[in-house]
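The values are calculated or read from the model by the stated rules, or taken from the named source; none is laboratory data. What you see is a predicted model, and the numbers here were worked out from it, not measured in a lab. Backbone-built Cβ (ideal geometry, glycine too); neighbour counts: all protein chains shown.
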Ligand SMILES: Cc1cc2nc3c(=O)[nH]c(=O)nc-3n(C[C@H](O)[C@H](O)[C@H](O)COP(=O)(O)O)c2cc1C
């Protein structure tokens, strides 16, 4: 099942059923440009046999970052660098799609003095030390951001990437607009589900106008926010129907936010963990309502678990993140039927606050991606506490450099 190609409705073929889900690399320069490290990392993944590589989130506005050293695409100034990156990522007949994102209020103090959001509602109290209170976006700012997604997508196409993905999950700006908790606007962008979905629908249609019908556009969506007063499973299904109706090419299903990080499998029932995929139940339900190809991400670890999910018809693609950060050739080994050892286990420091926010799940795996990018072997048993201390110091230093650059 896993080796069978998937043809999208627009004719694009993904050579097998394994897809790398987005993982923020934070490997760009301080001024957010592509680097050789990114080229190396994607060459390793493209060689590793995965059919579809979705890049880590790329920002559409360099003044609104999710973390220091994110890549940003605002105009064509970096086209030659982006082209080199696309060449490496599309080698070996691999589809390579760029995930486009705006973090909204999830832009930390380290890189943002004034984050923006649909409404001026802060993240939960536990985040006060890390994030400033956001300012509500004006109509003009909303229109500007929509256009930025379209501009960035057109540049990705020109650089040679094979598609794009809108990051509509995990509590970033698109997901903030969808959430009745984070979006309490009284205008056409808030209130009813139709109004809250307007932002993502407008982004989709602006991108589509910019890239044409043959270029795949995907979305990563939350099956739910898992937050009181947040975006529910039923609402998520209705938004999936709206996107299917306008012609989105692939829907990736995830779930959770910084405030409730379900995407990492935290707090999942043992039966769900055992079944591998965290969000398969949602996929089974949405499958009867839309015929858009689906990708489910979160928790897949073994070939039988993945093949069962495809075989059952619940999903068309299996999304993989953490296993590929430890072993870039994980897919190739699975496809060859090699008996590979489960390379992912919880990364815990023992510091309650850090472990509660599931920060280690990104910090530890980012460190492994950095090793691959610099031509080194990953360290599957690297000490979480050591990595935490190192990466925190690096992040603060990089945040300081970002601020200094902006001040000049
Ligand atoms: C280091 C790291 C960075 C991540 N960055 C992103 C990102 O930029 N965009 C995104 O949609 N998800 C991101 N995720 C979430 C993953 O795409 C995925 O949804 C999650 O890790 C669950 O899949 P897994 O169990 O296969 O790891 C990230 C995860 C990790 C570990």
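Would you say residue 238 is within 16 Å of the ligand (Cβ to nearest atom) and either over 21 Å from residue 228 (Cβ atoms) or modelled with pLDDT of 90 or more (or both)? Let's see the steps before the verdict.
Numbers: within 16 Å of the ligand (Cβ to nearest atom): no; either over 21 Å from residue 228 (Cβ atoms) or modelled with pLDDT of 90 or more (or both): yes.
Considered against the rule, which asks whether it is within 16 Å of the ligand (Cβ to nearest atom) and either over 21 Å from residue 228 (Cβ atoms) or modelled with pLDDT of 90 or more (or both), residue 238 comes out as no.
Considering the conditions (1) closer than 25 Å to residue 38 by Cβ; (2) surrounded by fewer than 24 Cβ atoms within 10 Å (Cβ to Cβ); (3) touching a strand residue (DSSP E or B) at 6+ places or on another chain (Cβ under 9 Å), residue 330 is excluded by exactly one of them, (2). Does residue 253 qualify as being outside any loop (DSSP other than H, G, I, E, B), in contact (Cβ under 8 Å) with a residue 40 or more places away in the chain, in contact with a helix residue (DSSP H, G or I) (Cβ under 6 Å, 6 or more places away or on another chain) and within 16 Å of the ligand (Cβ to nearest atom)? Yes: the conditions hold for residue 253. Answer with yes or no whether residue 302 is in contact (Cβ under 8 Å) with a residue 24 or more places away in the chain and out of contact with any strand residue (DSSP E or B) (no Cβ under 8 Å at 6 or more places or on another chain). Here the answer is yes, as residue 302 does meet what is asked.
Residue 131 - would you say it is closer than 30 Å to residue 38 by Cα and at pLDDT below 95? Yes, satisfied. Take the conditions (1) over 19 Å from residue 278 (Cβ atoms); (2) touching a helix residue (DSSP H, G or I) at 6+ places or on another chain (Cβ under 9 Å); (3) modelled with pLDDT under 95; residue 217 misses just one of them, which is (3). Checked against the criterion of being under 25 Å from residue 196 (Cβ atoms) and either away from the ligand (no atom under 16 Å from the Cβ) or within 19 Å of the chain's Cα centre (by Cα) (or both), the candidates 73, 121 yield just one match: 121. Mind listing just one residue for me: the one in region 83-110 that is away from the ligand (no atom under 15 Å from the Cβ) and part of a loop (DSSP other than H, G, I, E, B) and, of those, nearest to residue 214 (Cα to Cα)? It comes out as 94.
Checking the structure you have, find out if any residue of region 151-162 is under 20 Å from the mean Cα position of the chain (by Cα), in contact (Cβ under 8 Å) with a residue 24 or more places away in the chain and closer than 15 Å to residue 231 by Cβ. No, there is no match, as no residue in region 151-162 is under 20 Å from the mean Cα position of the chain (by Cα), in contact (Cβ under 8 Å) with a residue 24 or more places away in the chain and closer than 15 Å to residue 231 by Cβ. Between 351, 396, 340, the distinction of being more than 16 Å from the ligand (Cβ to nearest atom) and at pLDDT below 90 belongs to 351 only. Among the residues of region 284-301, the ones that are out of contact with any helix residue (DSSP H, G or I) (no Cβ under 6 Å at 6 or more places or on another chain), near the ligand (Cβ under 10 Å from one of its atoms) and assigned to a strand (DSSP E or B) come to 1 in all. For the condition within 12 Å of the ligand (Cβ to nearest atom), assigned to a helix (DSSP H, G or I), modelled with pLDDT of 95 or more and under 19 Å from the mean Cα position of the chain (by Cα), residue 361 does not qualify.
Looking only at residues that are crowded, with 22+ Cβ neighbours inside 10 Å and assigned to a helix (DSSP H, G or I) in region 269-283, which one is modelled with the lowest pLDDT? Don't jump to the end; show me each part of the working.
Filtering region 269-283 for residues crowded, with 22+ Cβ neighbours inside 10 Å gives 277-280, 282.
Add one more test, that the residue is assigned to a helix (DSSP H, G or I), and what stays is 280, 282.
Working: 280: 89, 282: 92.
Looking at residues that are crowded, with 22+ Cβ neighbours inside 10 Å and assigned to a helix (DSSP H, G or I), I get 280.
Answer yes or no as to whether residue 166 is under 27 Å from residue 186 (Cα atoms), within 16 Å of the ligand (Cβ to nearest atom) and not in a loop (DSSP other than H, G, I, E, B). So residue 166 fits the description; yes.
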